[in-house]
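**Q** Mind having a look at this structure? Questions to follow.
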Amino acid sequence: MRIDIITCLPQLFESPLKHFIFQRAIKQHLLSINIHNLRHYTPYKHDKIDDSLYGGDAGMLLMVEPIANCIRALQKEQNYDEVIYMAPDGEPLTQDLVNKCSLKQNIMVLCGHYKGIDERIRKHFITLEISIGDYVLSGGELPALILADAIVRVIPGVISDASSVLADSFQDGLVAPPAYTRPYNYEGMMVPDVLLSGNHKAIQEWAQQEKVARTKKRRPHLIEKKEVI
């Protein structure tokens, strides 16, 4: 899989992309991540990429030309399945959406900054808009990293134990059940006996009950969506 990320702050990606999961995927030739500095594509002096908004609103907006130039340059070299914009008002990022994105071969991710990007970019170049939540950050770099991390970990082969990924929260529309490890007894708090029983059927039944109960409490909208009773 190839991910191309367009940003005006490429240095923000240097450390995260050295993280274990990204490096494992890259070394296994399962992933290629390329960071593109938006300032390299501007036709304006002094690497200018933003300007004030028409209409008089406060703040600065990323201009059309640098973004369009960058997207077009990349599209000349590669066909993209999606051109994604990380936007506060985009489609909420869910595990289902992550799984769908992970099936793509080539995706481009645009990081906004300041007050975002000129609307003409959104209308004429963007094929998918994704939000990580109903709040505003300084830019789209952190959301882009979150999207990339979520995608990479479900690419087959990146995590050696595939069953671990399949058991993650939200893979089946429910949150994960409680998890325990050694010691069995910590200050009088015991691990549930069923987990030490060796009865796999009983353990699976316990896990399913806990998942449903926890989802009802913490993510009730998921229960309504699945119509779980």
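**Q** If Q204 satisfies all but one of (1) part of a loop (DSSP other than H, G, I, E, B); (2) loosely packed, with under 13 Cβ neighbours inside 10 Å, what's the number of the condition it fails?
**A** With (1) part of a loop (DSSP other than H, G, I, E, B); (2) loosely packed, with under 13 Cβ neighbours inside 10 Å applied to Q204, the lone miss is (1).
**Q** While we're looking at this one, here's another question. Kindly provide the set of residues from the range 1-32 that are of a type in the set (A, V, I, L, M, F, W, C), under 21 Å from I117 (Cβ atoms) and touching an Asp or Glu at 6+ places or on another chain (Cβ under 9 Å), ordered by number.
**A** Passing the criteria: I5, C8, L9, L12, F13.
**Q** Since A148 meets every condition but one in (1) in contact (Cβ under 8 Å) with a residue 24 or more places away in the chain; (2) touching a Phe, Trp or Tyr at 6+ places or on another chain (Cβ under 7 Å); (3) among the hydrophobic types (A, V, I, L, M, F, W, C), which condition does it not meet?
**A** For A148, the failing item is (2).
**Q** Every residue in the range 23-55 that is without any contact (Cβ under 8 Å) to a residue 60 or more places away in the chain and in a strand (DSSP E or B), please.
**A** S32, N34, I35, H36, N37, D51, S52
**Q** A further question on this structure: Scanning for something touching a strand residue (DSSP E or B) at 6+ places or on another chain (Cβ under 7 Å), closer than 28 Å to V165 by Cβ and surrounded by fewer than 16 Cβ atoms within 10 Å (Cβ to Cβ), does the range 30-38 turn up at least one residue?
**A** Yes: the range 30-38 contains one or more residues that are touching a strand residue (DSSP E or B) at 6+ places or on another chain (Cβ under 7 Å), closer than 28 Å to V165 by Cβ and surrounded by fewer than 16 Cβ atoms within 10 Å (Cβ to Cβ).
**Q** Select from the range 1-23 the residues that are in contact with a Gly (Cβ under 9 Å, 6 or more places away or on another chain) and surrounded by fewer than 20 Cβ atoms within 10 Å (Cβ to Cβ) and write down the one among them that is nearest to M63 (Cα to Cα).
**A** Taking the candidates together, the pick is L9.
**Q** If you take the residues in the range 83-107 that are part of a strand (DSSP E or B) and of a type in the set (A, V, I, L, M, F, W, C), which one is farthest from the chain's Cα centre (by Cα)?
**A** The selected residue is V83.
**Q** Are there any pairs with C-beta distances below 6 angstrom linking a residue in the range 90-104 that is closer than 23 Å to I117 by Cβ and modelled with pLDDT of 95 or more to a residue that is hydroxyl-bearing (S, T, Y) and surrounded by fewer than 16 Cβ atoms within 10 Å (Cβ to Cβ), with the two at least 6 apart or on different chains, and if so which?
**A** Close Cβ pairs satisfying both conditions: none exist.
**Q** Which residue out of L61, L110 is out of contact with any Lys or Arg (no Cβ under 9 Å at 6 or more places or on another chain), assigned to a strand (DSSP E or B), closer than 17 Å to R39 by Cβ and not polar (S, T, N, Q)?
**A** L110
**Q** Would you be able to say whether some residue in the range 174-190 is modelled with pLDDT of 95 or more, in a strand (DSSP E or B), within 21 Å of P16 (Cα to Cα) and not acidic (D, E)?
**A** No.
**Q** Considering only the range 75-82, I want to know if a residue exists there that is assigned to a strand (DSSP E or B) and either over 22 Å from A25 (Cα atoms) or in contact (Cβ under 8 Å) with a residue 12 or more places away in the chain (or both).
**A** Checked against the condition, which is being assigned to a strand (DSSP E or B) and either over 22 Å from A25 (Cα atoms) or in contact (Cβ under 8 Å) with a residue 12 or more places away in the chain (or both), the range 75-82 yields at least one hit.
**Q** Taking the range 81-137, which residues are touching a helix residue (DSSP H, G or I) at 6+ places or on another chain (Cβ under 8 Å) and of a type in the set (D, E)?
**A** E82, E91, D118, E129
**Q** Would you say S102 is in the same structural domain as Q75 (by TED's automatic domain parsing), surrounded by 16 or more Cβ atoms within 10 Å (Cβ to Cβ) and under 24 Å from L30 (Cβ atoms)?
**A** yes
**Q** Quick one: is V165 free of Cβ contacts under 8 Å to residues at least 40 places away in the same chain and either surrounded by 16 or more Cβ atoms within 10 Å (Cβ to Cβ) or closer than 22 Å to R219 by Cα (or both)?
**A** Taking the combined requirement at face value, the residue satisfies it.
The values are calculated or read from the model by the stated rules, or taken from the named source; none is laboratory data. Computed from a predicted model, the values in this text were never measured in an experiment. Because the Cβ atoms are built from the backbone with ideal geometry, glycine has one as well, and the counts that use them run over all protein chains shown.
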